[in-house]
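Q: Below you'll find the structure I mean.
Only the coordinates and a few stated rules stand behind these numbers; no lab work does. Quick caveat: nothing in here was measured; it's all calculated off a predicted structure. Reconstructed Cβ throughout: ideal geometry from the backbone, glycine too, with neighbour counts over all protein chains shown.
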């Protein structure tokens, strides 16, 4: 029997450019799906959030560019908090998988600072 799970990931982007943001999405999402054995057809939805300093590209558009046209995608801006890590893309993937699975988050390129208790 299948159930719905959600798994998080994040990546710190080197700079606010269309190329850097797209490259980060192309690195983060496949790493997250691969680590968890998630096939694209099992994805229910993908939600991105970005820090205020990333506005050169929409991560959802970047993901569509590598073939996620059939998966509902959404992007929003993170609230700003004092001391936040700059240039971060966060992702929440909701997906279907067999019961008993245990999702494993992925934090890349400096974003492991966000969750040192579970860094990948």
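Q: Quick check: convex hull of the Cα atoms in the range 53-104, volume per residue, rounded to a whole Å³?
A: Enclosed volume per residue, from the Cα hull, is 127 Å³.
Q: Once you've got the GNM for the chain with C-alpha springs shorter than 10 Å, pick whichever of 79, 105, 59 has the biggest mean-square fluctuation.
A: Of 79, 105, 59, the Gaussian network model singles out 79 as fluctuating most.
Q: Right, something else. How many percent of Cα pairs in the range 2-114 exceed 21 Å?
A: Tail fraction, whole percent: 31.
Q: Something else about it: Tell me the angle of helix 18-36 to the major Cα principal axis of the chain, expressed in degrees between 0 and 90 and rounded to the nearest ten.
A: The helix 18-36 is inclined about 30 degrees to the chain.
Q: If neighbour count is taken as other Cβ atoms inside 10 Å, put 63, 92, 32 in order from fewest to most.
A: If I rank by nearby Cβ atoms, fewest first, I get 92, 63, 32.
Q: Running a GNM on the chain with Cα contacts under 10 Å, which residue among 69, 23, 31 ends up with the highest mean-square fluctuation?
A: Among 69, 23, 31, the largest mean-square fluctuation in the Gaussian network model of the chain belongs to 69.
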